[in-house]
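For reference, the structure discussed in these notes is given below.
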Amino acid sequence: MKYLVYVKDRPSGVQPPDPVALNRAVRAWVEARLMDRTMDCAYYVLPKMGLCIINADSHEALLSLLRAWPSFAYQEFEIHMLADVRHGIDDNFDRMQRDATKGAPAAEAS
């Protein structure tokens, strides 16, 4: 399963004791997740947010992964499940065809 994850600093709360060291730990952790393909990609979004696409077998696996994020205590995560776009388009097409068939008048018997 793929998840789009936005990562934002918490607007209030505890600040890390050593922000510089935490920054380097996050960078190393993200790099490792990119290398092991747990993450498909990771981007910095201006002015103050990040996003990544994470691969996880379940919601629980995603939760465990996010809790391992070095800055978990200082950030919040907005999570969106992703589906293959072709599947979504084809599924929508099938639904529209079913709906059109339901609305069509029944064929008369000859």
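Taking the range 72-91 on its own, how many of its residues are closer than 12 Å to V7 by Cβ and in contact with a strand residue (DSSP E or B) (Cβ under 8 Å, 6 or more places away or on another chain)? Write out each step before concluding.
Filtering the range 72-91 down to residues closer than 12 Å to V7 by Cβ leaves 72, 74-79.
Restricting the remaining residues to those that are in contact with a strand residue (DSSP E or B) (Cβ under 8 Å, 6 or more places away or on another chain) gives 74-79.
Residues in the range 72-91 being closer than 12 Å to V7 by Cβ and in contact with a strand residue (DSSP E or B) (Cβ under 8 Å, 6 or more places away or on another chain): 6 in total.
What number goes with the only condition from (1) without any contact (Cβ under 8 Å) to a residue 24 or more places away in the chain; (2) not in a helix (DSSP H, G or I) that V14 does not pass?
(1)
Within the range 33-52, can you find the residues that are over 20 Å from E78 (Cα atoms) and either open to solvent by 100 Å² or more (accessible area, probe 1.4 Å) or in contact with a strand residue (DSSP E or B) (Cβ under 9 Å, 6 or more places away or on another chain) (or both)?
We begin by selecting, within the range 33-52, every residue over 20 Å from E78 (Cα atoms); these are 35-37.
Within the range 33-52, M35, R37 qualify.
The values are calculated or read from the model by the stated rules, or taken from the named source; none is laboratory data. Source: prediction; values computed, not measured. Methodologically, a virtual Cβ is constructed for each residue, glycine included, from the backbone with ideal geometry; neighbour enumeration extends over all protein chains shown. Side chains included, ligands, DNA and RNA excluded: accessible areas come from the protein's heavy atoms. Shrake-Rupley method; radii C 1.70, N 1.55, O 1.52, S 1.80 Å.
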